[in-house]
Amino acid sequence: MKTLSLTAALMGATLLAAPALAQQAPARPATGSGAAAATLPHAFEGDAAPARPQAAPAAPTTAIAPDIARSEEALRAVIAAMQAGQIDYTVFTPDMAEQIRAQSGQVAPLLQQFGPLKSISHLDQQNGADVFRVIFEKQATDWVIGFDEEDLIAALLFRPAAD
């Protein structure tokens, strides 16, 4: 009887873990000519994948709403710093800071050409990161910003706004 209970428990744990494991996509190299400080797998790709049916209902959990205000505040600060040419690299993961340093010579002048920031609106969440529409005086853009476990910016990229 104990063997049957242990087997059932292991199967249940595997069924519950499988959807979470299936969502972990491997990183892909960046393609195209869009400006990006880093890549986030499947960011800016078309429609989301269809939902997978669950084999067994999961135990109720408390849903935690994304901290969109924090993401927006961080994004506003990064954009302002880049436009001013005074980037605070301590708000980024070491890898992200290195990537931004390498691209800041091209990205900062580009952001300056966009003109003053007019508005930011939250569009979506993808792979745990927030997607925003950022409207400048001369350019509409879409941005992705994501954080690591230590609340450092681990993903940051932008492109012209998708209409």
Could you pull out the residue among 130, 148 that is touching a His at 6+ places or on another chain (Cβ under 8 Å) and open to solvent by less than 80 Å² (accessible area, probe 1.4 Å)?
130
Could you please give the count of residues in the range 80-103 that are open to solvent by 70 Å² or more (accessible area, probe 1.4 Å) and of a type in the set (A, V, I, L, M, F, W, C)?
1
In the range 93-135, residues that are in contact (Cβ under 8 Å) with a residue 24 or more places away in the chain, of a type in the set (S, T, N, Q) and assigned to a helix (DSSP H, G or I) total 5
Name, by its number, the condition in (1) closer than 15 Å to residue 154 by Cα; (2) open to solvent by 20 Å² or more (accessible area, probe 1.4 Å); (3) among the hydroxyl-bearing types (Ser, Thr, Tyr) that does not hold for residue 71.
(2)
Could you please give the count of residues in the range 108-125 that are touching a helix residue (DSSP H, G or I) at 6+ places or on another chain (Cβ under 8 Å) and closer than 20 Å to residue 152 by Cα?
1
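Yes or no, residue by residue, for (1) over 16 Å from residue 161 (Cβ atoms); (2) touching a Lys or Arg at 6+ places or on another chain (Cβ under 8 Å):
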residue: 70; (1), (2): yes, no
residue: 73; (1), (2): yes, no
residue: 78; (1), (2): yes, no
residue: 82; (1), (2): yes, no
residue: 89; (1), (2): yes, yes
residue: 104; (1), (2): yes, no
residue: 137; (1), (2): no, yes
residue: 145; (1), (2): no, no
Count, please, the residues in the range 104-127 that happen to be open to solvent by 60 Å² or more (accessible area, probe 1.4 Å) and either touching a strand residue (DSSP E or B) at 6+ places or on another chain (Cβ under 6 Å) or among the aromatic types (Phe, Trp, Tyr) (or both).
4
Which numbered condition in (1) of a type outside the set (Ser, Thr, Tyr); (2) open to solvent by 60 Å² or more (accessible area, probe 1.4 Å); (3) at pLDDT 95 or above; (4) in a strand (DSSP E or B) is the only one that residue 138 fails?
(4)
Which of the residues spanning the range 151-163 are surrounded by fewer than 19 Cβ atoms within 10 Å (Cβ to Cβ) and part of a strand (DSSP E or B)?
159, 160
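The values are calculated or read from the model by the stated rules, or taken from the named source; none is laboratory data. Being a predicted model, the structure only gives us computed values, none of them experimental. Methodologically, a virtual Cβ is constructed for each residue, glycine included, from the backbone with ideal geometry; neighbour enumeration extends over all protein chains shown. Heads up: the accessible areas ignore ligands, DNA and RNA and are worked out on the full protein's heavy atoms, side chains in. Shrake-Rupley method; radii C 1.70, N 1.55, O 1.52, S 1.80 Å.
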